Every structure is written in structure tokens, then in C-alpha cells.
Amino acid sequence: MTSTPAPRFVSVLRRENQDEWAVHRHDPDAPLLTAFDYAPNRGDGAFEAMHVYNGVANKPHRHLERLSRSLHNLQIVGPPYAAWRSLIDDLIAQWPDGVEGVLKLIISRGQEGGPIDQDPTVFGYLVELDPVLAAQRRDGITMVSLTFGYPADVRERSPWLLGSTKYLSYAVNMAAKREAAERGADDVLFLSEDGQVLEGPNSTLIWLSGKRLATPGSHTGILRGTTQEEIFSRAGAAGLEPMITSATLSDILAADAVWMSSSTRGIAAVHEIDGASIAQDAEKTRLLQELSGLPVPN
Ligand code: PLP
């Protein structure tokens with residue numbers, strides 16, 4: 001029996017003249033970067049990852065807004081909004097229906113040693129969602145808490161720490177995930193050095209207390225999660241009271257329900273943190289999954 005290869009598409013954005021950028025399709029198996037690119041050399045750039053299903057990207061405007069904030073913080077001048085949209089549309093046009101996809105947008109500062117006014121390196125790709133993430137959306141996750149090492153307010157005071165910036169260097173995030181796996185858990189909840197809950201390596205913390213749906217504030221330097229923002233913008237109409245607030249791990253352990261939200265996994269109910277059981281609310285899990293705009297598990 002021959003298996004069909006998984007769909008994978010890559011497109012590059014290149015400047016054609018002063019104001020125009022054009023999309024060029026790229027063979028997914030062909031090399032794309034030079035040895036000197038800032039992306040592999042320094043992790044100096046930004047990215048976004050959005051969900052694609054049945055020809056539609058989920059909340060692309062929120063991703064592009066966050067990308068422009070990341071680029072502002074990194075002092076990188078990227079292509080205009082319309083060029084990013086063309087890149088997204090070109091990738092989605094090739095994607096088969098009925099398959100959950102992850103569309104990544106990636107931009108680096110360009111070539112190390114290049115001229116100060118050089119163009120950034122810009123490309124995107126669309127691949128299948130890791131089935132483990134879809135399973136976690138359906139079944140929920142276990143977590144461990146790990147220190148992030150900084151006090152909660154330091155990144156607001158120190159712009160060079162690039163708080164609230166989705167920069168390319170995710171080595172720490174990946175190392176934290178490996179640490180969680182070694183400890184037998186699915187994911188990580190980062191804590192500030194002074195004991196506040198922050199976020200996961202690639203997801204946002206949301207918890208329920210009565211009718212209050214809460215998440216930590218981005219003044220702590222965490223990323224403003226587009227999924228959390230989308231859910232909170234619609235939660236009031238669904239009878240919940242969204243709020244941004246600080247909390248400690250013991251507040252979270254005492255919550256009526258806890259979720260991690262992200263663009264690719266969607267809403268995953270947290271069953272356990274550091275071995276302690278977390279209260280479950282299946283009805284609210286379903287509601288938040290509906291509000292997230294991703295396919296709701298059966
Ligand atoms: N926090 C971090 C550090 C992330 O990398 C992500 C993923 O993008 C999130 C939170 C969740 O954000 P979103 O819902 O936009 O995927």
C-alpha cells in the first residue's frame with residue numbers, strides 16, 4: 001500500500017520594487033536560507049502560527065497585528081499588510097479541504113553583515129497540524145510549573161528583554177517542553193521569579209472562577225495570545241465575565257477550571273498541575289472551543 005505524502009507548501013515574499021512585494025512559490029524540499037541569515041545565526045526575527053481549515057485562516061488579522069507589534073519591538077521593517085495577506089492567501093489556495101493545517105509566517109532581519117537598509121528575509125509555509133495537538137484539544141493535558149527566572153514586572157521595564165514579542169529564538173521554550181516531558185507532563189506553566197503565573201511555552205493560561213474568565217496581563221511580558229483575545233472578545237455575550245488579572249499557582253489550583261489556549265492546539269483543558277488535580281467543566285470547555293473558531297472535538 002502506498003501512502004499519500006502529507007501536503008506541505010512554502011512561499012517566499014520578495015520585494016519587486018519600492019512598494020511592491022510578490023509571492024514566489026518555493027519547492028518545500030529545496031533550501032531557502034543562506035548560511036548568513038539572521039534567522040539561524042541569531043534567532044533575530046519574528047514569526048506567527050495560525051490555524052487553517054477548509055480554505056479559511058482563523059483570525060489572520062489578529063496574527064498580523066501581533067506580527068507588526070513584534071517587528072516594531074525588534075526594529076525590523078517588514079512587508080506591508082497587503083503583502084502578508086497575499087502570502088497567506090497563496091498558501092491557503094493550495095490547501096486541501098478537511099485537513100487541519102498550521103500556517104507559519106517567518107521573518108528575519110536579513111543577512112548578517114548585510115547593508116543597514118537591506119530587506120528582511122520573509123517566507124511562509126503550510127503543513128498539517130501535529131495529531132498530538134488535536135488529541136490534546138480533545139483529551140486535555142497535564143502540566144508542570146517551571147520558573148521563568150524573571151520577576152513579573154522586569155520585562156515591562158526592560159525593552160531589550162523583548163517582552164510580548166514573538167521572536168524566533170524559542171530554544172528556551174523547547175527546552176522547557178522537554179523538561180515537562182521528562183517529568184511525565186504534556187506542557188509547562190511558567191511562573192515568574194516572584195510567584196505569579198505567566199504562560200506556557202506556546203500557549204496562554206485561562207482560568208474560571210465562578211463566572212469570571214481570567215488570564216494574566218501582558219505587562220508581565222507574556223505574549224498577548226490571539227486565541228485568548230478572540231475568546232475573551234466573545235465571552236461576554238456567552239454569559240462570562242472576562243478579566244485580566246494577576247494570580248499565583250495556588251489561585252490556579254483552586255480555580256473552577258483551567259485551560260491553555262493556542263492557535264494550533266486550540267483550547268485544552270488542564271487536568272493536573274504538578275500532580276495536583278484541577279477541577280473540570282466540560283460544558284465550558286466546549287463553549288471556549290466553540291468561541292476559539294477551531295474545529296470542536298467530538
Ligand atoms: N504564549 C506564547 C509564548 C506563545 O508562543 C503562544 C503561541 O503563539 C501563545 C502564548 C498563544 O498565542 P496564540 O493563541 O496567538 O497562538
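The values are calculated or read from the model by the stated rules, or taken from the named source; none is laboratory data. A quick note: this is a predicted structure, and the numbers were derived from the prediction, not measured. Neighbour counts are summed over all protein chains in view; Cβ atoms, including those assigned to glycine, are modelled from backbone coordinates with ideal geometry. Just the protein is used for accessible areas: all its heavy atoms, side chains included, with ligands, DNA and RNA removed. Shrake-Rupley method; radii C 1.70, N 1.55, O 1.52, S 1.80 Å.
Assorted remarks:
- Entry comment: accessible area of the range 249-298 is 41 Å² per residue, from protein heavy atoms only and a probe of 1.4 Å.
- Annotation: lysines with alpha-carbon distance below 22 angstrom to K211 (same-chain offsets under eight excluded): K284.
- A simple charge model with +1 on the Cβ of Lys and Arg, -1 on the Cβ of Asp and Glu and nothing else charged puts the dipole of the range 26-145 at about 540 debye relative to its Cα centre.
- For A254, distant residues with modelled amide H under 5 Å away: none
- Evaluated on the range 109-189, the Kirkwood hydrodynamic radius is 16.3 Å, with distances taken between all distinct Cα atoms.
- Sulfur and carbon atoms: percent of accessible area, the chain [1.4 Å]: 51 percent
- Label positions at T147 and Q94, each projected 7 Å from the Cα along the C-beta direction, are separated by 4.6 nm.
- Computed from point charges on the beta carbon alone (+1 for Lys and Arg, -1 for Asp and Glu), the dipole magnitude for the chain about its Cα centre is near 260 Debye.
- The residues packed around K177, meaning those with a beta-carbon under 15 Å from its beta-carbon, carry a net charge of -3 if Lys and Arg are +1 and Asp and Glu are -1.
- Model label points for A238 and N17, set 7 angstrom from Cα along the Cα-to-Cβ axis, are 4.8 nm apart.
- Kirkwood hydrodynamic radius of the range 61-146, Cα pairs, Å: 15.5 Å
- The base-10 log of I(q)/I(0) for the range 27-82, evaluated at q = 0.21, 0.25, 0.30 Å⁻¹, reads -0.99, -1.07, -1.13 [Debye formula, identical scatterers on Cα atoms, solvent excluded].
- Choice from N173, N54, N17 showing the highest fluctuation, given a GNM over the chain with Cα pairs closer than 10 Å: N17
- Note: relative contact order over the range 50-199, using C-alpha pairs below 8 Å and six or more positions apart, is 22 percent.
- Per-residue 3J(HN,Hα) values for the range 186-198, derived from phi via the Karplus relation 6.51 cos²θ - 1.76 cosθ + 1.60 with θ = phi - 60°, read 7, 7, 10, 10, 6, 10, 6, 4, 9, x, 8, 6, 10 Hz in sequence order (x marks Gly and Pro).
- Calculated accessible area for the range 130-172 comes out at 53 Å² per residue, all protein chains present (probe 1.4 Å; ligands, DNA, RNA ignored).
- MRE, 222 nm, helices only [DSSP H, n ≥ 4, -39500 (n - 2.57), over the chain, to nearest 500]: -8000 deg cm²/dmol
- Cα-Cα separations in the chain greater than 25 Å, expressed as whole percent: 50 percent
- Positive dipole terminus of the range 16-147, leading residue within S108, L146, Q94 (C-beta point charges): L146
- Amide proton proximity set for R8, modelled H, under 5 Å, gap of 5+: none
- Local charge for A268 was computed over the other residues whose Cβ lies under 15 Å away, with Lys and Arg +1 and Asp and Glu -1, and equals -3.
- Rounded to whole Hz, the Karplus (6.51, -1.76, 1.60) HN-Hα couplings of the range 150-162, x for glycine and proline: 9, x, 4, 9, 5, 6, 5, 8, 10, x, 5, 7, 6
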